[in-house]
1. What does a probe at Arg295 reach in region 150-176, counting residues whose amide N is under 16 Å from the point 7 Å along Cα→Cβ?
2. Which of these, Gly304, Gly211, Gly263, has the largest mean-square fluctuation under a Gaussian network model of the chain (Cα springs below 10 Å)?
3. Projecting each Cα onto the charge dipole of the chain (Lys/Arg +1, Asp/Glu -1 at the beta carbon, about the Cα centre), which of Cys146, Tyr225, Leu313 comes out farthest on the positive side?
4. Looking at Leu23, Leu183, Thr11, which one has the Cα that reaches farthest to the positive end of the dipole of the chain (charges on Cβ: Lys, Arg +1; Asp, Glu -1)?
5. Can you list residues from other chains, or at least 5 along the same chain, whose modelled amide H is less than 5 Å from the amide H of Ile7?
6. Enumerate the calculated ³J(HN,Hα) couplings along region 133-143 in order (Karplus 6.51 cos²θ - 1.76 cosθ + 1.60, θ = phi - 60°), each rounded to whole Hz, writing x wherever the residue is Gly or Pro.
7. Which of Thr95, Thr61, Thr190 ends up with the largest GNM mean-square fluctuation for the chain, with Cα atoms connected below 10 Å?
8. Mind listing the long-range amide H neighbours of Tyr55? Cut-off is under 5 Å, sequence gap 5 or more, other chains count too, H placed in the peptide plane at 1.01 Å from N.
Amino acid sequence: MAKIALITGITGQDGAVLARFLLEKGYDVHGLRPYSAVPDEGRLSDISDDIHLHYADMTDTSSLLRLVETYQPDEIYNLAAMSHVHVSFDMPELTANVNALGTLRLLEVLRIMGPQSGMRMYQASSSEMFGHAPAPQNENTSFEPCSPYGTSKLFGYWSVRNYREAYGLHASNGILFNHESPLRGEEFVTRKIIKAVCEIEAGQRDKILLGNLHAKRDWGHARDYMRGAWMMLQQDIPDDYVLATGQARSVKEFVEAAFSYIGRRIDWRGQGVDEKGYDSKTGACLVEVDPALFRPTEVRHLLGDASRAKEILGWEPEISFEQLVEEMMEADRVLPYGQTTKRYAA
Ligand code: NAP
Ligand code: G4F
């Protein structure tokens with residue numbers, strides 16, 4: 001019989017990637033969709049006939065309980081979150097309610113179902129929990145979160161560990177470093193840069209406005225990371241794992257990689273808020289800093305060490321940074337008549 005998976009956050013980047021991965025593995029895929037006045041299947045439009053979507057919300061315990069009781073999933077992937085770090089400073093209470101208490105609510109549901117139910121849970125923990133902790137970061141690094149998002153995720157992380165120990169639940173934390181894809185939300189820096197570069201190439205805009213150009217992130221591909229999440233739930237013993245590529249690049253380097261894909265080189269001049277990126281041939285200003293995009297506190301350097309996942313799960317990233325940029329560029333490139341070149345295929 002097909003295994004049943006329940007994905008919270010199925011309408012997000014990772015949920016959409018994971019749903020495709022699990023469908024290919026023959027799973028019966030169920031997903032939780034929060035209510036929206038303007039329903040939009042967006043990232044799921046091409047697989048909407050193959051999955052089951054149910055209205056429920058991480059802030060509504062009875063909706064979670066009803067779903068889990070009704071469909072008895074073998075595997076639950078808790079991906080739902082208010083996931084934008086900058087926005088979490090504007091809505092800290094909502095962030096904590098969804099990310100921290102939402103995870104607790106789901107764990108309570110699993111506790112009610114009991115360990116004999118055999119249900120397994122994956123928790124989408126985040127490298128943002130490391131905050132100011134020096135790089136490289138791994139499972140033994142202490143957490144120093146520096147955003148409401150980071151602190152909310154840390155609550156979820158420790159709740160998973162506590163419920164595992166206290167009630168024998170099969171619940172694992174994936175401490176995932178940044179991962180991207182053509183399905184990444186447009187508010188996140190990689191997709192924002194890629195889209196803007198494609199629009200500049202098509203003559204639809206002049207420049208990109210960015211915040212901190214010097215922050216470093218360890219960027220991988222969502223497809224690799226969702227495969228890793230699934231691998232965690234195939235283990236007999238639940239545990240916590242870092243998934244990362246082991247290579248960090250600055251936002252500036254990401255900008256350079258995206259422009260290089262369309263054959264343009266960037267020369268940087270100036271400092272601080274006056275730093276600008278110019279086209280090395282034409283001298284046109286293509287990148288400027290907008291201080292409104294700075295965060296009150298910022299994680300400066302994330303660089304993951306995923307040796308434990310490699311040793312125990314046999315997980316390694318398969319998609320390089322260059323392939324990631326190429327795939328994102330190809331998906332967003334604008335044809336003269338306004339169509340993108342490729343549809344995303346997971
Ligand atoms: P995403 O694209 O922002 O997706 C977040 C999902 O959560 C969406 O489906 C959203 O639904 C849903 N959601 C938000 N509030 C909800 C609520 N109250 N009840 C139910 N669902 C709710 O995020 P992602 O990049 O796929 O990330 C997936 C998870 O991994 C998140 O928990 C994120 O914090 C974590 N994570 C991500 C990364 C990364 O680099 N991508 C790294 C580490 C950890 P709607 O959009 O339909 O409202
Ligand atoms: O793309 P970002 O918004 O991702 P961030 O803050 O690292 O968070 C993402 O990764 C976390 C894992 O570490 C996840 F848990 C979280 O859910 C999310 O998926 O920003 C990346 C960097 C930051 O340093 C930011 O300050 O880019 C910098 N940045 C510079 N200009 C910008 C911009 N970020 C955004 N979103 N927009 C800008 O214009």
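1. 150-155, 176, by backbone N distance to the label point.
2. Of the options given, Gly263 has the highest mean-square fluctuation.
3. The listed residue farthest towards the positive side: Cys146.
4. Positive-end residue among those listed: Leu183.
5. Placed amide hydrogens put His30, Gly31, Leu32, Tyr77 under 5 Å from Ile7.
6. 4, x, 7, x, 10, 9, 5, 9, 6, 6, 8
7. Largest GNM mean-square fluctuation: Thr61.
8. Arg33
Only the coordinates and a few stated rules stand behind these numbers; no lab work does. Predicted model, so just to flag it, every value in this text is computed and none were measured. Quick reminder, even Gly has a Cβ in these numbers, built from the backbone with ideal geometry, and neighbours come from all protein chains shown.
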